[in-house]
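The values are calculated or read from the model by the stated rules, or taken from the named source; none is laboratory data. All figures in this text were calculated on a predicted structure; none of them were measured in a lab. Positions of Cβ are backbone-derived with ideal geometry, glycine not excepted, and every protein chain shown enters the neighbour counts. For the accessible areas, the whole protein counts, side chains as well, though only heavy atoms, and no ligand, DNA or RNA atoms are used. Shrake-Rupley method; radii C 1.70, N 1.55, O 1.52, S 1.80 Å.
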Amino acid sequence: QIQLTVPVAVVFAPGAMPGDLLKPLPFRDVREMEIPVNQRTSVASRYEMVFRSTTAQEEAALDATTAQEADAALHPLQDALLGSLTMYVVPETSSLLPQGITAYVGKHRSALVRAGGHLAALRTRLQQVTQVMSFTASSIAAAFMDRVPDGQLGLDARRHLKSSLGYEITFSLLNPDPKSHVVDWDIEDAVNRYVQPVLDKLSLVANFSVDSQILYYAVLGVTPRFDKESSSFLLSAHSLPHVINPVEARLGSSAASLYPVLNFLLYVPERSHSPLYIQDKDGAPVRTNAFHSPRWGGIMVYNVEAPTSPEVSLPRHVDVDMVRVMEVFLAQLRLLFGLSWEELPPEFLLETPGNEGLADWELDRLLWAHTVENIATVSTTLTSLAQLLDKIGNIVIKDDVASEVYRAVASAQSAVAELAEGHLHLAFQASKEAVTSSERAFFDPSLLHLLYFPDDQKFAIYIPLFLPMAVPILISLTKIVREARQRKKEPTKMD
């Protein structure tokens with residue numbers, strides 16, 4: 001039984017305390033919920049709330065003009081523990097929140113919530129905000145994807161990358177028509193400016209490596225349809241799945257990779273198929289002119305403006321607008337890591353993460369999901385290993401394999417215990433160690449089932465070898481036995 005404990009500090013600003021609050025501040029309150037995964041598995045969520053009033057420094061920070069300024073001023077005053085949340089309850093008449101907004105979620109691990117008239121309404125609002133900033137039933141169910149019945153998970157849950165110790169990101173520029181276009185993209189500067197801040201924050205989750213390449217004469221493999229009305233070429237939604245396989249054969253990045261590879265492709269259409277636009281299922285043009293494939297990556301079509309006069313010499317020099325390209329690729333990267341925002345009430349306002357690419361609470365949300373997924377992976381791996389050992393009775397378990405199994409079990413138990421205590425960072429580190437040890441044990445070369453044969457296969461192999469030798473030996477033995485019996489029956493001669 002996994003229990004997820006979230007430490008939540010509920011801080012009341014002056015004039016924001018509900019009238020029906022019975023206990024004097026400060027006091028503690030615990031709320032528990034059950035998240036069903038399948039008929040046999042469920043996850044318990046426990047919200048340990050500490051209700052208190054603001055300190056003098058927090059009051060000064062809440063006197064800011066806007067919610068953004070208050071969030072920045074409150075950040076140094078908060079608990080820096082991963083997975084912990086701070087809810088600042090402001091008066092109903094506060095000007096910090098815009099009109100009609102009841103909750104503001106900042107870039108860090110805090111939120112501003114309007115005080116409702118009653119404690120019950122405030123509790124409901126706090127519960128909604130804490131679920132947005134930590135985990136929901138759908139995000140936990142997605143972590144147990146292998147155990148959830150088909151049809152119970154939505155399409156968004158199956159888009160996310162599975163938890164891994166590392167990821168490789170490859171940016172590829174596809175130029176199918178180098179005779180017409182000389183494409184120049186400053187990918188190194190773009191990665192340093194836009195991608196690296198996101199990866200620095202995600203370094204807690206996994207290790208990342210980034211590379212880039214330019215592929216010439218690489219076509220999509222699908223012939224676009226020409227539209228006379230718009231004088232352009234169109235790729236329909238049903239033809240997009242057929243685009244990836246021909247291109248992937250040219251990438252060659254995932255063949256020798258130990259970790260999942262994320263491919264982000266920038267495609268400059270050839271001159272005979274320009275301009276090229278992507279249509280959605282309803283036939284409307286896609287605003288970003290890009291699409292993504294779950295657990296694989298994304299492709300963006302970058303059209304080159306047609307020359308004003310036909311006498312323009314070829315090839316044309318094209319400078320790629322990397323700001324526009326990286327906006328699309330970063331959005332696709334967030335989708336692949338499950339950082340897309342779920343449907344929120346219209347009265348909730350979420351602050352954009354800015355240059356860092358993701359907020360602190362989004363990183364915590366990712367750690368919650370990956371920790372639970374790692375524990376589930378370790379359980380599945382060790383169960384499969386136990387079934388293998390039961391199936392092959394004469395298999396040999398080396399000491400190093402046994403120690404890895406013991407280490408995986410101990411680390412998984414430690415991760416579960418740290419989750420119950422609300423120590424998200426320690427739980428995630430323990431879950432990573434458990435995954436590493438369980439994989440080492442399961443894939444140890446000495447445990448290959450091909451090294452061990454069932455008894456029926458042994459008889460089938462060795463009988464044809466020993467039977468021709470055994471026949472004359474058996475005949476000789478029966479002859480010796482017969483002669484010995486005859487010798488006993490003959491009467492002995494008396495002198």
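If you check residue 201 against the conditions, is it touching a Leu at 6+ places or on another chain (Cβ under 9 Å), assigned by the TED database to the domain that holds residue 317 and under 30 Å from residue 359 (Cβ atoms)? Lay out the reasoning, then the answer.
Details: touching a Leu at 6+ places or on another chain (Cβ under 9 Å): yes; assigned by the TED database to the domain that holds residue 317: yes; under 30 Å from residue 359 (Cβ atoms): yes.
For residue 201, the condition - touching a Leu at 6+ places or on another chain (Cβ under 9 Å), assigned by the TED database to the domain that holds residue 317 and under 30 Å from residue 359 (Cβ atoms) - is met.
Restricting attention to segment 136-176, report how many residues are at pLDDT 85 or above and over 15 Å from the mean Cα position of the chain (by Cα).
7
For segment 388-404, give me the residue count where each residue is open to solvent by less than 60 Å² (accessible area, probe 1.4 Å) and assigned to a helix (DSSP H, G or I). Lay out the reasoning, then the answer.
Of segment 388-404, the ones open to solvent by less than 60 Å² (accessible area, probe 1.4 Å) are 388-389, 392, 395, 401-404.
Restricting the remaining residues to those that are assigned to a helix (DSSP H, G or I) gives 388-389, 401-404.
So the count comes out to 6.
What residue, among those in segment 159-176 that are open to solvent by 30 Å² or more (accessible area, probe 1.4 Å) and outside any strand (DSSP E or B), is farthest from residue 205 (Cα to Cα)? Explain how you work it out, then say what you get.
So in segment 159-176, the residues open to solvent by 30 Å² or more (accessible area, probe 1.4 Å) come out as 159-160, 162-163, 165, 168.
Subsequent filtering for residues that are outside any strand (DSSP E or B) retains 159-160, 162-163, 165.
Numbers: 159: 18, 160: 14, 162: 12, 163: 9, 165: 8 Å.
Across segment 159-176, the extreme among qualifying residues is 159.
For the list (1) modelled with pLDDT of 90 or more; (2) touching a strand residue (DSSP E or B) at 6+ places or on another chain (Cβ under 7 Å), I need the number of the one condition that residue 57 fails.
Answer for residue 57: the failing condition is (2).
Identify all residues within segment 18-30 that are surrounded by 10 or more Cβ atoms within 10 Å (Cβ to Cβ) and assigned to a strand (DSSP E or B); write none if there are none.
27, 28, 29
Give the residue that is surrounded by the fewest Cβ atoms within 10 Å (Cβ to Cβ), with candidates limited to residues of segment 179-204 that are assigned to a loop (DSSP other than H, G, I, E, B) and out of contact with any Pro (no Cβ under 7 Å at 6 or more places or on another chain).
At the first step, the residues of segment 179-204 found to be assigned to a loop (DSSP other than H, G, I, E, B) are 179-180, 185-186, 203-204.
So of that shortlist, the ones also out of contact with any Pro (no Cβ under 7 Å at 6 or more places or on another chain) come out as 185-186, 203-204.
Numbers: 185: 20, 186: 12, 203: 10, 204: 15.
Among residues in segment 179-204 that are assigned to a loop (DSSP other than H, G, I, E, B) and out of contact with any Pro (no Cβ under 7 Å at 6 or more places or on another chain), the one surrounded by the fewest Cβ atoms within 10 Å (Cβ to Cβ) is 203.
Restricting to segment 93-108, and then to whatever is open to solvent by less than 60 Å² (accessible area, probe 1.4 Å) and among the small types (Gly, Ala, Ser), can you tell me which residue is nearest to residue 60 (Cα to Cα)?
Among those residues, the one meeting the criterion is 94.
Which numbered condition in (1) open to solvent by 50 Å² or more (accessible area, probe 1.4 Å); (2) free of Cβ contacts under 8 Å to residues at least 40 places away in the same chain; (3) of a type in the set (S, T, N, Q); (4) under 27 Å from residue 266 (Cα atoms) is the only one that residue 303 fails?
Going through the list (1) open to solvent by 50 Å² or more (accessible area, probe 1.4 Å); (2) free of Cβ contacts under 8 Å to residues at least 40 places away in the same chain; (3) of a type in the set (S, T, N, Q); (4) under 27 Å from residue 266 (Cα atoms), residue 303 breaks only (1).
All but one of (1) crowded, with 18+ Cβ neighbours inside 10 Å; (2) touching a residue at least 60 places away in the same chain (Cβ under 8 Å) hold for residue 138; state the number of the condition that does not hold.
For residue 138, the exception is condition (1).
Show the residue pairs that are 6+ apart or on different chains and have beta-carbon atoms under 8 Å apart, the first residue being within segment 401-425 and at positive phi and at pLDDT below 95, the second being open to solvent by less than 20 Å² (accessible area, probe 1.4 Å) and not basic (Lys, Arg).
Short answer, once both residue conditions are applied: 422/5; 422/6; 422/83; 422/84.
Can you run down the residue pairs with Cβ atoms below 7 Å, 6 or more apart or on separate chains, where the first is in segment 205-219 and part of a strand (DSSP E or B) and the partner is of a type in the set (Asp, Glu) and buried (at least 17 other Cβ atoms within 10 Å of the Cβ)?
Pairs that qualify, where the first residue is part of a strand (DSSP E or B) and the partner is of a type in the set (Asp, Glu) and buried (at least 17 other Cβ atoms within 10 Å of the Cβ), are 209/168.
Just give me the residues in segment 74-90 being of a type outside the set (Ser, Thr, Tyr) and either part of a helix (DSSP H, G or I) or crowded, with 16+ Cβ neighbours inside 10 Å (or both), in sequence order. Break it down stepwise before answering.
Kept after step one, since they are of a type outside the set (Ser, Thr, Tyr), are these residues of segment 74-90: 74-83, 85, 87, 89-90.
Of everything in segment 74-90, those that are of a type outside the set (Ser, Thr, Tyr) and either part of a helix (DSSP H, G or I) or crowded, with 16+ Cβ neighbours inside 10 Å (or both) turn out to be 74, 75, 76, 77, 78, 82, 83, 85, 87, 89, 90.
Kindly indicate the residue of segment 31-73 that is part of a strand (DSSP E or B) and aliphatic (A, V, I, L, M) and also most open to solvent (accessible area, probe 1.4 Å) among those meeting that condition. Steps first, please.
Applying the first criterion (part of a strand (DSSP E or B)) to segment 31-73 yields 31-36, 42-53.
Those still in the list that are aliphatic (A, V, I, L, M) too: 33, 35, 43-44, 49-50.
On the way: 33: 77, 35: 12, 43: 1, 44: 18, 49: 6, 50: 46 Å².
Filtering first and then ranking leaves 33.
For segment 407-434, how many residues are part of a helix (DSSP H, G or I), open to solvent by 50 Å² or more (accessible area, probe 1.4 Å) and closer than 19 Å to residue 84 by Cα?
Result for segment 407-434: 5.
Considering (1) of a type in the set (Gly, Ala, Ser); (2) modelled with pLDDT of 90 or more; (3) over 30 Å from residue 447 (Cβ atoms), say which one residue 359 fails and leave the rest.
(2)
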